[in-house]
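Engineer: Here it is: the structure, laid out below.
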Amino acid sequence: PAQVKFTPLELRELSHSHDVDIILYPEDFEFDEESDRQIQSNNQTKTMVGTLTNWIAEQPEDPSEFTASRRLHLHFLHTPVEIYDSPEAPGKVAGIRFERNELDGTGNVRGTGEIVEYPVQAVYRAIGYFGSALPDVEYDGQLGVVPNVEGRVLDAGGKPVPGLYATGWIKRGPVGLIGHTKGDALETINHLLADLGSLPAAEQPEEEALLQLLDGRGVEYTTWEGWLKLDAHERELGEAAGTVQTSRGPVVRERVKVVSREDMVGISRPAGAAALQAGSVL
């Protein structure tokens with residue numbers, strides 16, 4: 001709990017989830033010397049640990065006292081080892097095995113050799129993004145990023161490449177939240193604007209030339225006008241009041257987004273490039 005990467009705001013939002021019981025486990029709440037130091041020296045860590053500790057102290061000991069229709073189990077100190085299927089349904093997820101870890105005194109973990117299994121019906125990989133290399137662009141294969149200084153991409157000699165910039169996780173790796181991404185993008189854009197006077201001029205700066213290039217390469221794009229059409233369509237879906245039947249009974253639908261990629265293209269780009277030359281390309 002002292003090493004989690006989500007924020008107090010996200011934890012508070014989780015606590016407000018409707019009809020969800022959050023279940024924690026006492027064996028996960030052991031702290032080593034470094035964890036104690038982090039709790040005492042970092043207000044965010046202290047808040048996170050305090051909130052989670054209060055939750056586990058207040059949760060019912062008897063599982064039958066959980067009343068929500070859904071349960072979210074938070075497990076710490078687990079390393080995934082194997083996702084397995086069953087003989088009755090080869091190729092279909094049946095469960096996942098983990099090795100239990102223990103803190104090593106430095107805030108890191110080591111395996112204990114103890115294996116635990118949980119039966120599951122689906123597994124979602126959500127452990128971050130690792131960038132991939134691009135032709136003729138330097139790449140750090142260990143960090144999965146394009147080498148850069150504040151968004152200005154560097155060549156093999158460590159010098160900025162004119163006209164080439166990076167932002168987001170390809171710039172800094174899979175860390176940070178939306179707020180970090182905004183500041184990160186602002187930093188890169190400020191450098192781009194500062195460099196405008198020295199950037200090489202486009203051979204064909206007209207917007208029509210860009211649209212023709214995208215069409216020629218078979219790229220499915222849209223314009224700002226097309227994006228607004230798609231946004232309006234999705235908002236209409238979300239605002240449509242109604243009740244849907246689920247296995248647990250009727251549920252009031254408050255928001256829905258069920259637009260397939262094909263429909264997105266059709267709604268935002270119905271007439272091809274010729275009809276979209278008035279807007280900015282996304």
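The values are calculated or read from the model by the stated rules, or taken from the named source; none is laboratory data. Source: prediction; values computed, not measured. Cβ sites come from the backbone with ideal geometry, for glycine too, and all protein chains shown count toward neighbours. SASA here: full protein model, heavy atoms, side chains in, ligands and nucleic acids out. Shrake-Rupley method; radii C 1.70, N 1.55, O 1.52, S 1.80 Å.
Engineer: Could you pull out the longest piece of the chain with no exposed loop GluC sites (Glu not before Pro) in it, calling a site exposed if DSSP puts it outside H, G, I, E, B and it has at most 15 other Cβ atoms within 10 Å? The partial results should precede the final answer.
Structural biologist: Working: sites that count: Glu30, Glu61, Glu88, Glu150, Glu203, Glu206, Glu220, Glu254.
Here the longest run is 89-149.
Engineer: Would you grab the residues whose amide H sits under 5 Å from the one on Val81? Only those 5+ places off in sequence or on another chain, please, with H modelled 1.01 Å from N.
Structural biologist: Counting only residues 5 or more places away or on other chains, the set is Arg97, Phe98, Glu99.
Engineer: For region 8-119, calculate the relative contact order in percent as a whole number, restricting contacts to Cα pairs under 8 Å that are 6 or more residues apart.
Structural biologist: Working: 143 pairs, mean separation 29.5, N = 112.
Computed value for region 8-119: 26 percent relative contact order.
Engineer: Then there's this: Would you mind telling me which residue in Val20, Val175, Val93 has the biggest mean-square fluctuation in a Gaussian network model of the chain, where springs connect alpha carbons within a distance under 10 angstrom?
Structural biologist: In this elastic network of the chain, the residue with the biggest mean-square fluctuation among Val20, Val175, Val93 is Val93.
Engineer: Further question on the same structure: Rounded to the nearest percent, how much of the accessible area of the chain (1.4 Å probe, protein heavy atoms only) is carbon and sulfur? Spell out each step's value before the answer.
Structural biologist: Values: 10400 of 19480 Å².
On the chain, the fraction of accessible area on carbon and sulfur atoms equals 53 percent.
Engineer: Can you work out D for region 8-119 in µm² s⁻¹ from Stokes-Einstein, where Rh is the Kirkwood radius over C-alpha pairs, the temperature is 25 °C and the viscosity is 0.890 mPa s? Write out the running numbers ahead of the final one.
Structural biologist: Values: Rh = 16.3 Å.
Translational diffusion coefficient: 150 µm²/s.
Engineer: What ratio of Cα Rg to 2.2 N^0.38 Å holds for region 128-199?
Structural biologist: The reported ratio for this selection is 1.08.
Engineer: Here's another thing I want to ask about it. Evaluate the relative contact order of region 128-199 (contact order divided by residue number), counting alpha-carbon pairs under 8 angstrom at least 6 apart; express in whole percent.
Structural biologist: Numbers: 96 pairs, mean separation 20.2, N = 72.
Here the relative contact order equals 28 percent.
Engineer: Restricting to DSSP H runs of at least four residues, report the calculated mean residue ellipticity at 222 nm for the chain, -39500 (n - 2.57) per run over all residues, nearest 500 deg cm²/dmol.
Structural biologist: The per-residue figure over the chain is -9500 deg cm²/dmol.
Engineer: Probe radius 1.4 Å, ligands and nucleic acids left out: which of Asp263, Asp140 has the largest accessible area, and how do the rest follow? The partial results should precede the final answer.
Structural biologist: Details: Asp263 85, Asp140 50 Å².
Descending order: Asp263, Asp140.
Engineer: Working with all protein chains in place, sort Ile96, Ile178 by solvent-accessible area computed with a 1.4 Å probe, largest first.
Structural biologist: Ranked list, largest accessible area first: Ile178, Ile96.
Engineer: Distance from the Cα centre of region 170-195 to that of region 47-116, in angstrom?
Structural biologist: Centre-to-centre (Cα) distance: 34 Å.
Engineer: Further question on the same structure: Using 0.36 nm per residue of separation minus the Cα-Cα distance, give me the extension gain between Ala232 and Arg71 in nm, one decimal. Show your work: numbers first, answer last.
Structural biologist: Numbers: separation 161, 0.36 × 161 = 57.96 nm, distance 3.41 nm.
Once the chain is fully extended between Ala232 and Arg71, it gains 54.6 nm.
Engineer: What residues from region 49-76 fall in the zone where the backbone N is under 13 Å from a label point 7 Å along the Cα-to-C-beta line of Leu14?
Structural biologist: Inside the label zone: 49-56, 72-76.
Engineer: Once you mark the trypsin sites (Lys or Arg not before Pro) that are in a DSSP loop and have at most 13 other Cβ atoms within 10 Å, what is the longest gap between them in the chain?
Structural biologist: Details: sites that count: Lys5, Arg125, Arg217, Arg248, Arg253, Arg255, Lys257.
Longest gap between qualifying sites, sites excluded: 6-124.
Engineer: Using 7 Å Cα-to-Cβ label points, what is the Ser41/Asp136 separation (nm, one decimal)?
Structural biologist: 4.7 nm
Engineer: Which whole-percent values make up P(r) of the chain when all C-alpha to C-alpha distances are grouped in 10 Å steps starting at zero?
Structural biologist: Calculated P(r), rounded to whole percents: 5, 15, 23, 25, 20, 10, 1, 0.
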